[in-house]
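The values are calculated or read from the model by the stated rules, or taken from the named source; none is laboratory data. Values in this document were obtained by computation on a predicted structure and should not be read as measured data. With ideal geometry, Cβ positions are generated from the backbone for all residues, glycine too; neighbour counts draw on all protein chains shown. Quick note on the areas: whole protein, heavy atoms, side chains included, nothing else; ligands and nucleic acids left out. Shrake-Rupley method; radii C 1.70, N 1.55, O 1.52, S 1.80 Å.
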Amino acid sequence: MDPLRSYLGRLLLEDITPVVMVLTTPLAEAACRRSGLSFVDMLSPFSLFKKIDVPVRTASDQPYRLQMFKIRMVYASDIHKQDHEVADERIKLVVSEANEKTLPDLLADPPQLEDVVNKPEAELCPLWTKRFNRELIRTLSFSDHETFDHPVACLLVVSSKDKEPISKFADLFNTNQLPSLLNEGIMDPQILKHYLVLHDQQDGPQEIAVNILAEMRSTLGLNDCKLLCINSSAQAHGSDADNSWLPYKAHGLHNHEGACFLNTDDLNEIKDFMQDFASNHIIPYMEQKIRVLNQQVATTRKGFRNQIKNLWWRKRDDVPEAANGPMYTFTSIESQIRVLGDYAFMLRDYELALSNYRLLSTDYKLDKAWKRFAGVQEMSGLCYFMLDQSRKDAEYCMENAFSTYLRIGSSGQRNATRCGLWWAEMLTTRGQHREASSVYFRISNEEPSLHSAVLLEQAACCYLLSSPRMLRKYGFHLILAGNSYYLSDQKQHAVRAYRNALFVYKQNPWSYINNHVHYNVGRWYGVLGIFDVAIKHLLEVVACSHQSLTTQSMFLNDFFHFVQSTGKKFDVYKLQLPVFNMSSLRVVHEDHRTYASNADVDVSESIWQELEEEMIPSSSVVRTNWLDTQPKSSPFKNNKASVCVAGEAVKLNVEVKNPLQISVNVSGISLICQLSTTMDASSAEKGTLSAATEEDIATTKPSILTFKSDENNFTVSSLDIVLGGGETKRIQLEVTPKVIGILKLVGIRWTLSDSVVGYQYFEVSTQKKTKKGKRGAHRSLNNILIVIKALPKLTGYIDCLPTKAFTGDLQLLTLNLRNQSEHAVKNVKMKISHPRFVIPGGSSDLDLEFPQCLRKHVQSDSNVVSSKSTKEKFKGFLFAFPQDIKIQGGATFSWPIWFHAATPGNLSLYLSLYYEMESTTDIPYRTLRTHYNVEVLPSLDVSFAVSMCSSRLQEYIVRMDIMNRTLSESFALHQLSCVGTKWAVSTLPSCDSISLVETIPANQSVSCFFKIKDIGTNSCAEAADGSCGSDMVLSPGGSTDVFHISQSPIADFHYQERYHQGKLAKGPSSLLDFILIAKAVAANSSKSEQLLSHHTCQVALSQNPIWWLMEGPRTITHDFSKSCCEANIQLVIHNSSEHNISLGVVTSDGTLEKNQTIPSHESASGPGGWYDVSLENDVKAITSMKGTHPQKQSSESISPFVWCSLSSAQVDLKPNSSAKIPLKVCIFAPGTYNFSNYELHWKVHPSEAGQVDDNGRSGVGQGYPFYVTVLQGAR
Amino acid sequence: MASTACFVIVSKNDIPIYDAEVGSAPKKEDQAYQHQFILHAALDVVQDLAWTTNAMSLKSVDRFNELVVSVYVTAGHTRFMLLHDTRTEDGIKSFFQEVHELYIKIFLNPLYLPGSRITSSHFDTKVRALARKYL
């Protein structure tokens, strides 16, 4: 690129031009004023010659032609160093002027990347920045270390009305009034003088002026005097005058006062005068001066001799170290070289200029005149640029100048800025935008905030222009610029800068940057009074969770401040405060399924379905294949839509989170709904489709008003909450449709701190989502509901169902139902998931007093519980209320419920209530689902051990081990019952003091022994007198306090227990059930009596079908001296089974080798009365009790007795008959003997009628210990 | 230890996945965003510079007044950026290398999704310890 055509080139051609000092008399000024202009203003449009085309010859002999030329006309009074404050004011004006233009821009959308990229290069940076740059450079005009601002010529103007115009000229050039530059000897006062007589045509004829001119010519010189006539136009606003001025308006000529008496002739005259002045006077003068100075420099400085001399001379001189270096007068050779250089520069002989500048720079360097040195460096840099030579040198010079200016401190600061501006322009011209921007950035640091802001903005633009584009740098520098603008109170510019940077930081994951940008833009917009945009930006930062508490509250306060400033409630789509977790969204609607409480809704649907399986009627429409998924007869054409009932609330659960650390006040949270009364499913379908574009609608126009709650069709609940810092709450919103139709849940709206209304629409689940899988389908939000006609609805709960209970706890509770509607319901059924724990009572139980109702008032002879139970009863208890029960509208209904805490652990109890509508409705039936959680704590562990009584027939010894598992509770034993009429339980005859163990304190265990007797087969006399029944009272209260175990509910619960425990124990048939009833010993008597019933079922008895017993003398006195003793004993055998049994007794002499194997044999033969193994660890005695009969007789090799009379006897026994087998034992020595080494082998011969299980078909019984003491008798 | 030091790990998508103020100077609220701005802007320079060299450590790539940005680019184009005000080239280099090792360990975690934010507190403590050691 041609440097002369570049911006910098044109800038230099216009700015570094010869200055003409203008001196006018007041009368001459007044003549110009008449046209509303000053004299300089009047001439300045004509001081730029675009095609002057004059030949110029400077130092070299070769002339060249100048095309463009400009002279600067300046009043003498303006030729002085600029006052900083005034200059800054002027610059500020430039910025503020631009300020007003930016305002409409700010209301538009911020620019996007494409906008910025597509902009022409020149428009990237605001145009006024160029003006600003020039103004900034102009603040340095007329400095004393540079000469290009020094006047080249002087124009003295006198009016024709002035008296004694010749002497006026002398007065004008009076040294007192001349600029200090001339007076102080910095520049040569002998400059080119040009004299002008200004004649106002309206003041009179031209003759006076012509006379004056003639006089002037004679005294001042022929060529240097001119006459200029103005104001020839007779009246103001000549039509041609306006037109003639037009081309010059662009040059800053603004005729404010309106009156203009200049006509075309005047303008042409001015133009001619200026042309003549420039080409015939100024340029020749400069040429001549250059030649003279060049000659001078050549003689004093050029050549080897002069250089040596110069060096030597300078060295000798002790140069004082001063900031400005030594004072150079216009006569000094340095000043002359500088003038030579500058003149050459102005006449565009850059080679000459450069050589002089280079010459001078070494001098100044040696003199340590740094400011001058920097100035010269700067100029040589520009020369290199204009010559388009050696870029490196140009840059080196500029950098050198720049750093030198900076080094000399504050006086050089602005010079550094100017140098930097030129340098940056130079780099931009050459396309080195990155370097240029860094230069801008460097100079911005040296300037006050306003200047630095503009400079930073230019730096930012450079980054955008650089290749590749550096957008982040662009953004950053714009932010810096914006900040500086803000500091210098230029808010509009600040906003503009930030706005331009917005696209860089759009969707930025750098959180702090994002917050800073949006917060500041928002705040400043707010300050400017553009609240809507302000709020839009502040919305981006209100939900910043990562900021500190103070920052968060600052953001929030500003936000609310601006919102309040708008004076109205503000609607915000997708307000981020608080955050609604849309994935947690759940719509709870009740069609035929109703729920007692909110917690019940969360229970998985499959649990309910399984529970209700048998209760609800199966779907009437049978789907033949998978295509026929939508039965045509169904009133709900839309398969996807759910059903809700008019008048019943549809609930919506959602999680709300406060992301801030500050607590926020959220009020009026409610649903946005639509209810269309046309019962048309297709319209609802359409609604779904249009919902996809809903977000777009919402963003374009806040359509919230269209969703105002329609009081006629539905009501929505409103919720106010305060969310603490970081808190998450689960809220429930409700909408109650009133009429039938299609209800659509559109979104949520809420009010934040009473000022901002946020609203958010639900993302509608599309078809795609549901296709993803079952899970997706399950989670998809069902937001379209078909509202059907009002239906009866039952609500209900179980009164005071305990959440914690001890095992065995038995309570009577009430199920309360309430029909809230007007219509009656009928055919009520109930299903309970755990009938082991909860059993519905009978209608008569309701007014019973618990636990007295369980007491046995009349001695019942039957402990048999009716065996009506069926298998279904145990798995999910279906209970049908009596058919005649109808719950009328508005009525309440109670039903007794028995609760029994069967096993310890956590229990989820599900209850489903089925009912049908009295009248025909859309839905024929409904269910009420209730769910309870009960924690059952362990209380008493009861286990039983039964072993055959060896001393009596038909009797068993029962060992009951009770362990109190609680930590603090004590329990009193009340009653032990065995179920069935077959068995009677009684205390052991030897120990009647069972009442000693009536209470069991915490963590203690107790073992008791009882006797049970089979009274079913052998109706003994004891049973009749009642002393031995199936119940045994353990408490001292006596037999009056016995609970009736064969009645509901204990009997019912017992069946459940038997069913559940039966699964565990796989014993043979002959089993025994025990029920232990205990009472909690209440710490304070106020508590109602707590009853615990423990059911131990299917305790296995010894399953032998036969009983046998040794009978015989226990003590025998015999004289062994005569013979061996013979003891006659008999074995009584009883067949208790219903079959014939053949039986053999085998006796064996000596020690049985079988002894060791007996225990294992016994344990293998079946449960020996134990089934609860868990207690074995606790009760150590159990193991030692086992197998008491094998006597350790191994020490004796020979048995001291022998069986005689028979070694094997065979007996056949009829059912329920006894036989006696006599046995004889021969004893050889006195002592005590255990006649237990015999075995009974039996075989059952089953009759046709009954079946005997395999286990009891045949067996072997070991003999019981039978001790006989034989004494040596007296002779 | 440097009085100001801000360490950021930037994923290849230009998202900061870890940041820590590791300088000894007390943390100021208003500096947090300034540091982010400088580091964010320096990404432009890194973008150019990263392809001009084979070395992972790019040394100081950018400066803002007295603050210098040093960058280390991993093979996966994850950038470790340190904004600091003291010049201890060796220390910074060692710091980066050790952090790289830590980062690889994080990367090896099968539960860590590459490019997601590093939330491991162990990593955080280790990085801060390294900063105390080297910077």
statement: Counting only helices (runs of 4 or more DSSP H) wholly inside region A:100-211, the ones holding at least 3 residues that are over 29 Å from A:Thr17 (Cβ atoms) are A:113-118, A:165-172
task: Name every residue in region A:374-398 that is open to solvent by 10 Å² or more (accessible area, probe 1.4 Å) and aromatic (Phe, Trp, Tyr), in order of residue number.
output: A:Tyr384, A:Tyr396
message: Against the condition open to solvent by 10 Å² or more (accessible area, probe 1.4 Å) and within 14 Å of another protein chain (Cβ to nearest Cβ), how does A:Arg434 come out, does it pass?
response: yes
field: All positions within region A:279-302 that are in a loop (DSSP other than H, G, I, E, B) and either aromatic (Phe, Trp, Tyr) or buried (at least 17 other Cβ atoms within 10 Å of the Cβ) (or both)
entry: A:Arg301
query: Only one residue in A:Val936, A:Val946 is farther than 30 Å from A:Ile1012 by Cα and either open to solvent by 10 Å² or more (accessible area, probe 1.4 Å) or among the aliphatic types (A, V, I, L, M) (or both). Which one?
result: A:Val936
message: If I ask for residues that are without any contact (Cβ under 8 Å) to a residue 12 or more places away in the chain and more than 10 Å from chain A (Cβ to nearest Cβ), which ones from region B:42-54 would you list?
response: B:Trp51, B:Thr52, B:Thr53, B:Asn54
- request: Run B:Ser70 past the list (1) open to solvent by less than 50 Å² (accessible area, probe 1.4 Å); (2) farther than 30 Å from A:Ala459 by Cα and report the number of the one that doesn't hold.
  value: (2)
task: Determine, yes or no, whether B:Arg87 is closer than 28 Å to A:Val439 by Cα, open to solvent by 60 Å² or more (accessible area, probe 1.4 Å) and either assigned to a helix (DSSP H, G or I) or within 12 Å of another protein chain (Cβ to nearest Cβ) (or both).
output: no
query: Which residues, taken from region B:55-66, are more than 15 Å from the chain's Cα centre (by Cα) and away from chain A (no Cβ under 13 Å)?
result: B:Ala55
message: Based on this model, can you work out whether B:His122 counts as surrounded by 12 or more Cβ atoms within 10 Å (Cβ to Cβ) and either of a type outside the set (Lys, Arg) or touching a residue at least 24 places away in the same chain (Cβ under 8 Å) (or both)?
response: no
query: For region A:548-603, which residues satisfy the criterion of being assigned to a loop (DSSP other than H, G, I, E, B) and either within 14 Å of chain B (Cβ to nearest Cβ) or over 30 Å from B:Tyr33 (Cα atoms) (or both)?
result: A:Ser548, A:Gly567, A:Lys568, A:Lys569, A:His589, A:Glu590, A:Asp591, A:His592, A:Ala596, A:Ser597, A:Asp602, A:Val603
- request: Among the residues of region A:484-511, count how many are open to solvent by 40 Å² or more (accessible area, probe 1.4 Å) and without any contact (Cβ under 8 Å) to a residue 12 or more places away in the chain.
  value: 4
query: Of the residues that sit in region B:15-41 and are over 24 Å from B:Lys133 (Cα atoms) and at the interface with chain A (Cβ under 8 Å from one of its Cβ atoms), which one is most open to solvent (accessible area, probe 1.4 Å)?
result: B:Glu29
message: Can you go through A:Lys772, A:Lys789, A:Lys729 and tell me which one is exposed (fewer than 15 other Cβ atoms within 10 Å of the Cβ) and at pLDDT 80 or above?
response: A:Lys789
- prompt: For the subset of region A:452-479 comprising residues that are over 22 Å from A:Arg134 (Cα atoms), out of contact with any His (no Cβ under 9 Å at 6 or more places or on another chain) and assigned to a helix (DSSP H, G or I), which member is most open to solvent (accessible area, probe 1.4 Å)?
  reply: A:Leu471
